[in-house]
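Sharing a structure, written as structure tokens. Questions coming.
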Amino acid sequence: MYEYVKRMRRTLHSMPELSDEEHRTSDFLFRELTSLGYEPKRIHTGLYVDVEGTLGKKTVALRCDMDGLPIEEKTGRDFAAKKNMHACGHDGHMAIVLGVAKVLSSTAPADNVRLVFQYGEEGEGGADKMIKAGVLEGVDEIFAVHLCPELEAGKLSSCVGAMFAGTVEFDVIVRGKASHCANREEGADSLKTAREFLCRSDEIEKKFAGTLLHTGRLVSGSARNIVADRAELNCTFRYFEPVHVKAFSDELGDVLAAADRKYGTKSESVVRTVYPPLLNSKKAYDRLKAVADLSECAPRYTAEDFAFYTRVTDGCMAWLGVRDKDHTSPLHSDSFDFDERALMLGVETMIKLVN
């Protein structure tokens, strides 16, 4: 089984594709699952298979994600991709669920099982799209693991309630009026409004405990001696309490309106994507804890679209440790790598969950 899981991981690692474009990956998974005796069903580039249980009293879903990232790999491995990279461990996640599929192809589980291969996790909510296409119909519980380079190999970690933050990805668009700097009173400086928002960002964040507000990019202006007639800020707001979203939106509107009055500009915020916080249910957490040695983890401000599943049904995600003396690079880095032996705990845990 280890050799199979290792081979699957390395094969998948060599073919990373971006969100919503996982065609080659999808075809490989389809062929592999078919060879194991399953009849995969497709949802865009994602797919799933059902396994009938001996008791069949409930249906447990096991989910993995499929997409890679636009990162140039620098691990030096002979199976490294030439374009893009599985820098978030999704190759490992798929290999784990394929390992489960191989076991269940010859040994029926107690529960009915749905193995979910989800596209677009790094994009705009592939989980939400698969749910709308029916992937959770008839599912009672759902589980997933996520590789964690901060956690030692051989360990699992999770928590009840918030594990990942919800996110609001938004842009602030400021429209002003250009003029020469020698006559700047004739213009309306969008950069000053942008500066006002940036200066008040910490104040806004502190107003809502447990939130994070960050601006990662600001584009503005055309020349050093011209008043900027437009500014665009690319921002993210991270939260654990859903009530904070409306309160933050109101506060943001008030801050921008005040800056517009001060500098004569016109501003708007444009929401690009919204992810809910990932909330592990106690029921699913307890089920996982009953079959695994589980340590407690703290919530993180990173996002994970597994959150869409846990809004619909009981679910739990766990960190799966992959850290050892040779593998310490963080997720989303060009040197992220791991020893495939760490994946076997994921396979073992998922098999126990459905029995």
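Of the residues in region 12-37, how many are of a type in the set (Ser, Thr, Tyr) and either open to solvent by 30 Å² or more (accessible area, probe 1.4 Å) or not in a helix (DSSP H, G or I) (or both)?
Summing the residues that are of a type in the set (Ser, Thr, Tyr) and either open to solvent by 30 Å² or more (accessible area, probe 1.4 Å) or not in a helix (DSSP H, G or I) (or both) in region 12-37 gives 4.
Next question. Just checking, how many residues over region 320-347 are in a loop (DSSP other than H, G, I, E, B) and farther than 23 Å from Glu72 by Cβ?
1
A further question on this structure: Considering region 1-42 alone, what residues qualify as being more than 25 Å from the chain's Cα centre (by Cα) and within 19 Å of Pro70 (Cα to Cα)?
none
For region 252-293, enumerate the residues that are open to solvent by less than 60 Å² (accessible area, probe 1.4 Å) and of a type in the set (Val, Ile, Thr).
Within region 252-293, Val255, Thr265, Val270, Thr273, Val291 qualify.
Can you tell me which condition Glu39 does not meet? The list is (1) farther than 17 Å from Ser105 by Cβ; (2) in contact with a strand residue (DSSP E or B) (Cβ under 9 Å, 6 or more places away or on another chain), and all the others hold.
Result: Glu39 passes all but (1).
Then there's this: Give the residues of region 192-210 that are touching a Phe, Trp or Tyr at 6+ places or on another chain (Cβ under 9 Å) and modelled with pLDDT of 95 or more, sorted by residue number.
Lys192, Thr193, Glu196
Name every residue in region 312-328 that is in contact (Cβ under 8 Å) with a residue 24 or more places away in the chain and farther than 14 Å from Glu141 by Cβ, in order of residue number.
Correct list: Trp319, Leu320, Gly321, Val322, Arg323, Asp324, His327, Thr328.
Is region 89-100 home to any residue that is in contact (Cβ under 8 Å) with a residue 40 or more places away in the chain, touching a Gly at 6+ places or on another chain (Cβ under 6 Å) and crowded, with 20+ Cβ neighbours inside 10 Å?
Within region 89-100, one or more residues are in contact (Cβ under 8 Å) with a residue 40 or more places away in the chain, touching a Gly at 6+ places or on another chain (Cβ under 6 Å) and crowded, with 20+ Cβ neighbours inside 10 Å.
Filter the strands (runs of 3 or more DSSP E) completely within region 107-176 down to those with at least 1 residues that are buried (at least 24 other Cβ atoms within 10 Å of the Cβ) and among the hydrophobic types (A, V, I, L, M, F, W, C).
Answer list for region 107-176: 112-118, 141-152, 161-164, 166-175.
Considering Ala81, Ala61, which residue is assigned to a loop (DSSP other than H, G, I, E, B), under 21 Å from Glu32 (Cβ atoms), in contact (Cβ under 8 Å) with a residue 40 or more places away in the chain and under 22 Å from the mean Cα position of the chain (by Cα)?
After applying the criteria, what remains is Ala81.
Could you identify the single residue in Val60, Val51, Val103 that is β-branched (Val, Ile, Thr) and under 19 Å from Asp305 (Cα atoms)?
Being β-branched (Val, Ile, Thr) and under 19 Å from Asp305 (Cα atoms) holds for just one of Val60, Val51, Val103, which is Val60.
A further question follows. For residues that are outside any strand (DSSP E or B) and in contact with a Cys (Cβ under 9 Å, 6 or more places away or on another chain), scanning just region 224-251, find the one that is least open to solvent (accessible area, probe 1.4 Å).
Per the stated criteria, the residue is Val227.
Still on this structure: Among the residues of region 294-319, write down those that are open to solvent by less than 20 Å² (accessible area, probe 1.4 Å) and either basic (Lys, Arg) or outside any loop (DSSP other than H, G, I, E, B) (or both).
Leu294, Ala307, Phe308, Tyr309, Gly315, Cys316, Met317, Ala318, Trp319, listed by residue number.
The values are calculated or read from the model by the stated rules, or taken from the named source; none is laboratory data. Since the structure is predicted, the reported quantities are computational estimates derived from the model, not experimental observations. Counting neighbours? That spans all protein chains shown, and the Cβs are built from the backbone with ideal geometry, glycine included. In case anyone asks, the SASA skips ligands and DNA or RNA and just uses the protein heavy atoms, side chains included. Shrake-Rupley method; radii C 1.70, N 1.55, O 1.52, S 1.80 Å.
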